[in-house]
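Everything on this sheet refers to the single structure shown next.
The values are calculated or read from the model by the stated rules, or taken from the named source; none is laboratory data. This is a predicted model, so every value here is computed, not measured. Positions of Cβ are generated from backbone atoms using ideal geometry, with glycine treated the same way; all protein chains shown enter the neighbour counts.
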Number of protein chains: 2
Amino acid sequence: MKTDLHPLMRQRSLDAILVTGPGQHNPAMFYLTGGGHMTHADLILPRDGEAVLYYRPMERDEAAATGLKTKNIVDFDWKALLKQADGDAVLATALRYKAMLEAQGITGGRLGIYGQGEVGERFAVFSALQRVMPGLEIVGESGSDSLMLAAMMTKDEAEIGRIRAMGKITTAVVGKTADFLTGHKVRDGVLVKPDGEPLTVGEVKRKINLFLAEAGVENPHGTIFAIGRDAGVPHSTGTPADLLELGKTIVFDIFPCEAGGGYHYDFTRTWCLGYAPDEAQALYEDVLAVYRQVVDALQPNAPFKDFQNLTCDLFEAQGHATIRQDTGIQEGYVHSVGHGLGLNLHESPFAGSGASEQDVLAPGAVFTIEPGLYYPSRGMGCRIEDTFAVLPDGKIERLAEFPRGLVLPVEG
Amino acid sequence: MKTDLHPLMRQRSLDAILVTGPGQHNPAMFYLTGGGHMTHADLILPRDGEAVLYYRPMERDEAAATGLKTKNIVDFDWKALLKQADGDAVLATALRYKAMLEAQGITGGRLGIYGQGEVGERFAVFSALQRVMPGLEIVGESGSDSLMLAAMMTKDEAEIGRIRAMGKITTAVVGKTADFLTGHKVRDGVLVKPDGEPLTVGEVKRKINLFLAEAGVENPHGTIFAIGRDAGVPHSTGTPADLLELGKTIVFDIFPCEAGGGYHYDFTRTWCLGYAPDEAQALYEDVLAVYRQVVDALQPNAPFKDFQNLTCDLFEAQGHATIRQDTGIQEGYVHSVGHGLGLNLHESPFAGSGASEQDVLAPGAVFTIEPGLYYPSRGMGCRIEDTFAVLPDGKIERLAEFPRGLVLPVEG
């Protein structure tokens, strides 16, 4: 939780943190500022002091709305800095950071850096900062080792409430999508529009985007709506020209966020239009059985990777190959059973090969459970995914309910 | 242009470039791959060799669709790398980059790095790469010094065509928004809905998002729809609860992009509902006069900053303060006259204080012209913005036409 930032900084011996980049679609900055529309800002938080948000003058209203202590970036004389740096903009930017840090009493120690940005320019600037402040150690952390992900991993009730609200919106959009599909007629084994032309995956995805926009949310990562062979490749987003053929598995994975790059939801259903061939039905039943057993086994404070192991045990017992046996496989169970989510679509806790002992289902954790089986060679795939939260009392809540049935009936 | 990458690399003595991050909403990666849905990829292009795209196995279809030479990231044995790095994931990632570079014959020299990412993690990884490849110099560039922005600055006809298409969509949405507003009735000086409740800025913005979704485009940076005092602060996005009051200036700045984070358009109109008070009319006429004179003065191959100077000359002659006189001002003309745009909403050429001699209106440049005046203390602001391209023959084209009138008539 955000209130854990100071103790987590102490634990990691960080003397200060610097968060940089836009105010939106930038999890670390959104987390600390609330997600105002700022094209670029910097925030410095000393371990034993108060955060200061440095803003561009045109964005003074958005900066003020954060409620943080703010400082106008033009108070640092750019022309003088550029002169001091012999016209080198990278060095001048580093000198400005030095002045900002020193104004907050930070002259050395360990500085953690966070935020989304252009990696080359930022690498050059922070390398230069390191040179002009030799007493400063600039620290970059990876995955669940990140201070920011460690804080974000446990959500407070307001955050869980926002993700729950996104779940309500997401499942409503999935319901509208089901209605949209089943409202079509069938001809020659595919869905057709009132004009008799076949409906395409591209048209379905555009409709999904409309439903999301009507609900006031954003879809920056797109939607997976993959039919047949595409459904057999977990991150294939679907081929826009594909037709909606009856009896083929459709993997529909949707992961929108609040407008401005806020909290996400993540949800998948697998559908067959009209009917399910035996092979698809069997695949679905295997996945559903594993989904149920894994969900029933969930325990607060358990290591998330235990459920990846359980999922592999169960799929292997059904006779499927798993990624635990071979990280290179493309058929069978090929990914991890879930991931944390929040301001990042993928964040701690992690369950896959990179998971550490910090990746536990602690109270406040919000995470997906999403077992799936993939057989591109047989033209099919199946995944079932819901998002869960561990509540403060340890109870585990599925954050939105939606039927998990395979077949969407259509008019012959 | 993309075909300039190799000569630009030679000119900058770069032996190779590494582009990293997601396939979408990541200009450098989108530029080189076409914008497929990849959650993370790496692309290495040696100056005298062929690009290789390193992909995650679940994203093999999206990687293959780029048409580039591809390599599966799991071909580099992560467990072995992690063991070699004593469990340090940052170092293991650096060792994997070393192996990737060496596989493409790069063992030293200058490596430019590009792409969007988490700046702390990337700083740590590239610092580690620098340590494990001491013969390699990792180069990060800023602003128009960036190889990638230098290449992107001149667009080919296909790119200009895509931006022109975005202009058509954007102005159609602006037209629909005008119709939406003028379709409302007035009561007590504000627009009211059929149920008699006042319309809010938040509702207008949601409607704009719907129009954009219907057109199949994305709006990752939001929309500025700012009335009254908010219109006097250039990047104030507008207050959702504000009412649509007659006779107040509304700055409506819209900057959507192709789905998946592709090419942008950027466009602003200033409207008064019902009527324009004399003060608003005078402000608008000053801005429109400057807009016209600057657009008439545009010349291919001219330094973009010349037009910032011209804009300041003109506004100062009208009696307004300008940012040229004082970078700290908040009333008058407070920003730059425009910026390049493309896969980035803001890219080369630049016209403001950071502009260099490389920032010229070369054939292929696509840029905005957006003079504006801001008087928050008087509760008003005005900006007029269109997007232009320098065509291969030097002709300058406004990429979409839309009336620039101030008053939107409404039914009394």
**OP:** Of the conditions (1) part of a loop (DSSP other than H, G, I, E, B); (2) modelled with pLDDT of 95 or more, residue B:313 clears all except one; give me its number.
**Re:** (1)
Original post:
Quick one: would you say residue B:165 is free of Cβ contacts under 8 Å to residues at least 40 places away in the same chain, surrounded by fewer than 21 Cβ atoms within 10 Å (Cβ to Cβ) and within 30 Å of residue B:4 (Cβ to Cβ)?
Top reply: yes
**OP:** Name every residue in segment A:317-351 that is within 11 Å of chain B (Cβ to nearest Cβ) and of a type in the set (Gly, Ala, Ser), in order of residue number.
**Re:** A:328, A:336
Original post:
Do we have any residue at all in segment A:93-116 that's at pLDDT below 95 and outside the structural domain of residue A:343 (by TED's automatic domain parsing)?
Top reply: no
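Against the definition (more than 16 Å from the chain's Cα centre (by Cα), without any contact (Cβ under 8 Å) to a residue 40 or more places away in the chain and crowded, with 19+ Cβ neighbours inside 10 Å), how does residue B:311 come out, yes or no?
Working: more than 16 Å from the chain's Cα centre (by Cα): yes; without any contact (Cβ under 8 Å) to a residue 40 or more places away in the chain: no; crowded, with 19+ Cβ neighbours inside 10 Å: yes.
The answer is no for residue B:311.
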**OP:** Select from segment B:160-188 the residues that are assigned to a loop (DSSP other than H, G, I, E, B) and touching a strand residue (DSSP E or B) at 6+ places or on another chain (Cβ under 8 Å) and list them in ascending order.
**Re:** B:184
Original post:
Does residue A:35 meet the test of being at positive phi, at pLDDT 95 or above, buried (at least 21 other Cβ atoms within 10 Å of the Cβ) and within 21 Å of the chain's Cα centre (by Cα)?
Top reply: no
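Let me confirm something: among B:120, B:109, which residue is under 18 Å from residue A:120 (Cα atoms) and either among the aromatic types (Phe, Trp, Tyr) or crowded, with 22+ Cβ neighbours inside 10 Å (or both)?
Working: B:109 fails: either among the aromatic types (Phe, Trp, Tyr) or crowded, with 22+ Cβ neighbours inside 10 Å (or both).
After applying the criteria, what remains is B:120.
What number of residues within segment A:331-389 satisfy the criterion of being hydroxyl-bearing (Ser, Thr, Tyr), touching a helix residue (DSSP H, G or I) at 6+ places or on another chain (Cβ under 8 Å) and closer than 29 Å to residue A:407 by Cα? Let's see the steps before the verdict.
Taking segment A:331-389 as the starting set, the residues that turn out to be hydroxyl-bearing (Ser, Thr, Tyr) are A:333, A:336, A:348, A:353, A:356, A:368, A:374-375, A:377, A:387.
Now narrow it down to the ones that are touching a helix residue (DSSP H, G or I) at 6+ places or on another chain (Cβ under 8 Å): A:333, A:336, A:348, A:353, A:356, A:374-375, A:377, A:387.
Now restrict to residues that are closer than 29 Å to residue A:407 by Cα: A:333, A:336, A:374-375, A:377, A:387.
Within segment A:331-389, residues that are hydroxyl-bearing (Ser, Thr, Tyr), touching a helix residue (DSSP H, G or I) at 6+ places or on another chain (Cβ under 8 Å) and closer than 29 Å to residue A:407 by Cα number 6.
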Subject >> Candidates A:223, A:268 - the one that is in contact (Cβ under 8 Å) with a residue 12 or more places away in the chain and closer than 26 Å to residue A:317 by Cβ >> reply: A:268
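Go through A:292, A:229, A:206 for me and flag whichever is in contact (Cβ under 8 Å) with a residue 40 or more places away in the chain and either over 18 Å from the mean Cα position of the chain (by Cα) or at the interface with chain B (Cβ under 9 Å from one of its Cβ atoms) (or both).
Details: A:292 fails: in contact (Cβ under 8 Å) with a residue 40 or more places away in the chain; A:206 fails: in contact (Cβ under 8 Å) with a residue 40 or more places away in the chain.
Sole residue among the options that is in contact (Cβ under 8 Å) with a residue 40 or more places away in the chain and either over 18 Å from the mean Cα position of the chain (by Cα) or at the interface with chain B (Cβ under 9 Å from one of its Cβ atoms) (or both): A:229.
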**OP:** For residues that are without any contact (Cβ under 8 Å) to a residue 24 or more places away in the chain and surrounded by 21 or more Cβ atoms within 10 Å (Cβ to Cβ), scanning just segment B:38-58, find the one that is farthest from residue B:3 (Cα to Cα).
**Re:** B:55
Original post:
Taking the condition part of a strand (DSSP E or B) and surrounded by 24 or more Cβ atoms within 10 Å (Cβ to Cβ), does residue B:231 pass?
Top reply: no
Subject >> Top-ranked residue of segment B:241-295 - restricted to ones that are over 22 Å from residue B:340 (Cβ atoms) and of a type in the set (S, T, N, Q), ranked as surrounded by the fewest Cβ atoms within 10 Å (Cβ to Cβ) >> reply: B:281
Original post:
Within segment A:1-42, which residues are under 30 Å from residue B:224 (Cα atoms) and part of a loop (DSSP other than H, G, I, E, B)?
Top reply: A:22, A:23, A:24, A:25, A:26, A:34, A:35, A:36, A:37, A:38, A:39, A:40
**OP:** Determine whether residue B:285 is out of contact with any Leu (no Cβ under 8 Å at 6 or more places or on another chain), in a loop (DSSP other than H, G, I, E, B) and farther than 24 Å from residue A:56 by Cβ.
**Re:** no
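Among the listed residues B:238, B:247, B:261, identify the single one that is farther than 28 Å from residue B:185 by Cβ and either in a strand (DSSP E or B) or more than 7 Å from chain A (Cβ to nearest Cβ) (or both). If you could, list the steps in order and put the result at the bottom.
Values: B:238 fails: farther than 28 Å from residue B:185 by Cβ; B:247 fails: farther than 28 Å from residue B:185 by Cβ.
Matching residue, one of B:238, B:247, B:261: B:261.
Scanning for something surrounded by fewer than 17 Cβ atoms within 10 Å (Cβ to Cβ), more than 27 Å from residue A:271 (Cα to Cα) and of a type in the set (D, E, K, R), does segment A:331-339 turn up at least one residue?
Kept after step one, since they are surrounded by fewer than 17 Cβ atoms within 10 Å (Cβ to Cβ), are these residues of segment A:331-339: A:331.
From what is left, the residues that are more than 27 Å from residue A:271 (Cα to Cα) are none.
No, the conditions are met nowhere in segment A:331-339.
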Original post:
Which residues, counting only those in segment A:138-158, are of a type outside the set (Gly, Ala, Ser) and in contact with a helix residue (DSSP H, G or I) (Cβ under 9 Å, 6 or more places away or on another chain)?
Top reply: A:138, A:139, A:141, A:145, A:147, A:148, A:149, A:152, A:153, A:154, A:155, A:156
Original post:
Going by the structure shown, is residue B:88 over 35 Å from the mean Cα position of the chain (by Cα) and under 30 Å from residue A:17 (Cα atoms)?
Top reply: yes
Subject >> Every pair of residues 6+ apart whose Cβ atoms lie under 6 Å, when the first sits in segment B:316-333 and is at pLDDT 95 or above while the second is surrounded by fewer than 17 Cβ atoms within 10 Å (Cβ to Cβ) >> reply: B:322/B:316
**OP:** Pull up segment B:209-226, narrow it to residues that are at the interface with another protein chain (Cβ under 7 Å from one of its Cβ atoms) and within 30 Å of residue B:331 (Cα to Cα), then point me to the one that is surrounded by the most Cβ atoms within 10 Å (Cβ to Cβ).
**Re:** B:222
